[in-house]
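Asks: Pasting a structure here, questions to come.
The values are calculated or read from the model by the stated rules, or taken from the named source; none is laboratory data. Fair warning: this is a prediction, and the values are worked out from it, not measured in the lab. Every residue, glycine as well, gets a Cβ built from its backbone with ideal geometry; the counts of neighbours run over all protein chains shown.
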Amino acid sequence: MIEIVQAHATSTASPADYYARWIQHDTWASWSPDTDWVRADHPLAVGSRGTMKPKGGPKLNFVVTTLEKDREYTDTTLLPGARLVFQHTARATDGQTDLGVRIWISGPLAFIWAKILGGGFRESAQADLERLVRIVEEE
């Protein structure tokens, strides 16, 4: 496994507010501008499949791998020879919400994909999380 990046933020909005955003795939482009669109099977559950289209890239298939209501949304993008994991967490602590994003990759070709994709994720993960916080807190 190769960890690509971690991002962290705090918010006055509740973990439920963030969970609701993560499972509304059609809103992802509003807080992740490198994304054209995301679609997923419903009802959403662990094992649900979806497709996403990054800007300037090909359509990619993913599967929901963790779904803990109001706590965690994790999906795994299926790449040739690798699995790219996006973990989103929200934890209530001391009257606020601690948010985390962690991206890692595993598989026999993980080192190649990490070189291809890693720089972009390292540049965008924190900014995307901060953008999401602004959007959710303004609602």
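Asks: For segment 34-51, give me each residue that is among the aliphatic types (A, V, I, L, M) and either surrounded by fewer than 16 Cβ atoms within 10 Å (Cβ to Cβ) or more than 16 Å from D128 (Cα to Cα) (or both).
Replies: A40, L44, A45, V46
Asks: For D94, only one of the following conditions fails: (1) more than 25 Å from A45 (Cβ to Cβ); (2) among the acidic types (D, E); (3) buried (at least 19 other Cβ atoms within 10 Å of the Cβ). What is its number?
Replies: Single failed check for D94: (3).
Asks: Hey, any hits in segment 120-132 for a residue that's surrounded by fewer than 16 Cβ atoms within 10 Å (Cβ to Cβ), part of a strand (DSSP E or B) and without any contact (Cβ under 8 Å) to a residue 60 or more places away in the chain?
Replies: Checked segment 120-132: no residue is surrounded by fewer than 16 Cβ atoms within 10 Å (Cβ to Cβ), part of a strand (DSSP E or B) and without any contact (Cβ under 8 Å) to a residue 60 or more places away in the chain.
Asks: Among T74, T65, which is modelled with pLDDT of 95 or more, under 18 Å from L132 (Cβ atoms) and in a strand (DSSP E or B)?
Replies: T74
Asks: Give segment 10-19 a look and list any residue that's buried (at least 16 other Cβ atoms within 10 Å of the Cβ) and of a type in the set (A, V, I, L, M), or say none.
Replies: A13
Asks: Are any residues in segment 78-109 over 18 Å from the mean Cα position of the chain (by Cα) and among the small types (G, A, S), and if so, which ones?
Replies: G81, A92, G95, G107
Asks: For K115, state whether it is touching a strand residue (DSSP E or B) at 6+ places or on another chain (Cβ under 8 Å) and free of Cβ contacts under 8 Å to residues at least 12 places away in the same chain.
Replies: Here the answer is no, as K115 does not meet what is asked.
Asks: Inspect segment 91-110 for any residue being among the aliphatic types (A, V, I, L, M), closer than 27 Å to G56 by Cβ and outside any strand (DSSP E or B) and give the result as yes or no.
Replies: Yes - at least one qualifying residue is present in segment 91-110.
Asks: Being hydrophobic (A, V, I, L, M, F, W, C) and surrounded by 17 or more Cβ atoms within 10 Å (Cβ to Cβ) is the filter; apply it to segment 52-62 and report the residue that is nearest to D26 (Cα to Cα).
Replies: By that ranking, first place goes to M52.
Asks: How about segment 40-58: which of its residues are at pLDDT 95 or above and closer than 20 Å to A125 by Cα?
Replies: Answer for segment 40-58, where residues must be at pLDDT 95 or above and closer than 20 Å to A125 by Cα: T51, M52, K53.
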